[in-house]
């Protein structure tokens, strides 16, 4: 048999609360860079983009910079194949040698690109046949799509 005894507790003395607190950390982000909400607040207070950038990225210089006409982004590196199905407009396959004859994609079909054993790219048309019975590009010659 067990017996539990509850004794009445007296009231506890009041504790004075701190007047200020310091929170440290970076929430869900990495803790580096510009807060969108903070930048928005600064803009509403009349700060211009140079002042906002200088505030968040101290020790840097805001200056004009020209962007290259093309930027290569390797989103599909390491993939064995990709499927392309344009929803609108047209797209053209090309290499550094120029446009690939017959390689214009239009809405309504699904094209597949695979890499062959010879490292060249095989372009399969929507009907499953190899475009021009040839591979294009290779290890040192990327295959591009322009739209």
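Since every read-out is calculated from the coordinates, none of them should be taken as a lab result. Please read all numbers here as calculations on a predicted model, not as lab measurements. Neighbour counts run over all protein chains shown; Cβ positions are idealised from the backbone, glycine included.
Simple spin-label estimate for residue 43 and residue 56 gives 1.0 nm between the two label positions (7 Å along the Cα-to-Cβ direction from each Cα).
Using the eigenvalues of the Cα gyration tensor, what equivalent ellipsoid semi-axes result for region 81-146 when each is taken as the square root of five times the eigenvalue, whole Å, largest first?
On the way: eigenvalues 68, 35, 19 Å².
Each semi-axis is √(5λ); the values are 19, 13, 10 Å.
Model label sites at residue 94 and residue 71, defined 7 Å from Cα along the beta-carbon direction, differ in position by 2.0 nm.
Once the convex hull of the C-alpha atoms of region 33-143 is built, how many Å³ does it hold per residue, rounded to a whole number?
Details: hull volume 21.0 nm³, N = 111.
So the per-residue hull volume is 189 Å³.
Residue exposure proxy: 111, 37, ordered by other Cβ atoms within 10 angstrom of their Cβ from fewest to most, comes out as 37, 111. Summarising the label geometry, the points placed 7 Å from Cα in the beta-carbon direction at residue 139 and residue 117 lie 1.7 nm from one another.
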